[in-house]
1. When a footprinting reagent is the concern and you count Cβ atoms within 10 Å, what order do Asp68, Asp155 take, fewest first?
2. List the GluC sites (Glu not before Pro) within the stretch 241-313 that fall in a DSSP loop (any state other than H, G, I, E or B) and whose Cβ has at most 14 other Cβ atoms within 10 Å.
3. List, in order, the whole-Hz ³J(HN,Hα) value for each residue of the stretch 132-139 obtained from phi through the Karplus relation with A = 6.51, B = -1.76, C = 1.60 and θ = phi - 60°; use x for Gly and Pro.
4. Between Asp155 and Asn232, what is the label-to-label distance in nm when each label sits 7 Å out along the Cα-to-Cβ direction?
5. Can you tell me how much longer the chain between Leu284 and Phe313 gets when fully stretched, taken as 0.36 nm per residue apart minus their C-alpha distance, in nm with one decimal?
6. Need one number: nm distance between label points at Ile92 and Ser297, each 7 Å from Cα along Cα→Cβ, rounded to one decimal.
7. What list do you get for Thr274, Thr238 if you sort them by fewest beta carbons within 10 Å?
8. Go through Lys141/Lys214; Lys214/Lys276; Lys39/Lys272; Lys229/Lys272; Lys154/Lys285; Lys150/Lys310 and tell me which ones have a Cα-Cα distance over 25 Å in this structure.
Amino acid sequence: MKKLYFVLFITLLAIEFFKFNLFSNNFPGSEQLLSTDSKMMSLSASFDSVSDSIESVYYNPAGLVHVDDIMFSWSRPIWSIFFNIDYFSLVIDNRYIPFGIGLLNSRTEGIAIRNDTPEISRLSSVQDITIFLSGGYEFVKGLSTGLRLKFNYKDILGHTDTGLGADIAFLWRRENPSAFTKSGILKILQPFSFGIVFYNILPPDIKLNDSADKYPIIIRTSISYRFGKIFNFIEPETSLGFDTAPEYEFVNFNVGLELVLLEALYLRSGYKITEKDFTIGTGLKVWDIIIDFGMSSIPVKSNYYNLTFKVQF
C-alpha cells in the first residue's frame, strides 16, 4: 500500500501547486477539449492522453495499436436542453497500421445576455461537425506514435467555414511481469502509462468573421498507474492529466480514479481543477458490449449526463 499512499501524496501536492496557476479555457479551438466519451468524462479528462481503446480515435491515436479487433462506439448527452452532441467512431485493426474514423456532430442552442443589463441580446446557435481520421504505429515495443487528421465544418448564426487540421501523439505503456507483494494481496499487471498529444500542429483555418480564428497549439499529457488486483477482484487505476495552451496562458489539471470489479463493472470518479467540476460515472461490460455512463457537476451544463455504447466484433 506504500505505492498507493505515494501516488495520493503526489496528487494532492500537484493540486496545491497548480490551483494557483489556472486560467479560463475560452480561446479559439477550446471545444477540442470536449469530452465525447462517458468514460473519459467521468475521469475528468485525466485519462485522455493514455487512452488505449476505441476512445483513441478522438483522444490519442497512438493508443490504436492496442485495439485488437473491430470496434464501434456511439456517444451522446442525455437530458440536456442546451446542446446535442452525437459522436460515432469505428476502429479497424490490421497487422500494419490500425486506423479509426470518427464523426462529431454538435449543436448548441441558447441565448446571449447583454453585459450591461439582464436583457437578451440575441439568440445563439452553433453547429460544429468534425470528421477524424486516426492511425497509430508501434515502432518500439511499448512505444507508439499516432497521427490524426480532422476536417472541421463550423456554422455560427449562419456564418460558415471549413478547415483541415492535424494532431500528433505519442504513448508509452510499460508492461511488467506479474509480481506479488510479501502478503500476496497485490498483483502488479500494468504499472505505468504516459501519453502526450500535440493538437493543431496543422491548425484548421476557420474564418467566420473578418479575421480567421487562430487555433493554438494545445498540449495534453496523461499519466496512469494500475495497481493490479486487490483481493483478487478489484483493479484500481489512478490517472493524472495536464492540459495547456501556452499562447493563451491556459493550464488545466485533472485527476481520476477507476475501480474495475471482476473485469465487468467499472466505478469512476474525477475532478477538474480549472472548472471545479466533480465527475462520476460507471460502466458495465457484458460479453463484447460495454455501456458507460458519466455525469459532470458543472451547473451551466445542468448536470451534464453522457451515455456511451461500445461493441467489439
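Coordinate-derived values only; no laboratory data. Everything quoted here is computed from the prediction, not taken from an experiment. Here Cβ is always computed from backbone atoms with ideal geometry, including for glycine, and neighbour counts include all displayed protein chains.
1. Ascending Cβ contact count within 10 Å gives the list Asp68, Asp155.
2. The qualifying sites are Glu249, Glu263.
3. Running phi through 6.51 cos²θ - 1.76 cosθ + 1.60 with θ = phi - 60° gives 10, 10, 10, x, x, 8, 9, 9 Hz.
4. 5.8
5. 8.7 nm
6. My value for the distance between the label points is 4.4 nm.
7. Thr274, Thr238
8. Flagged as over cut-off: Lys141/Lys214; Lys214/Lys276; Lys229/Lys272; Lys154/Lys285.
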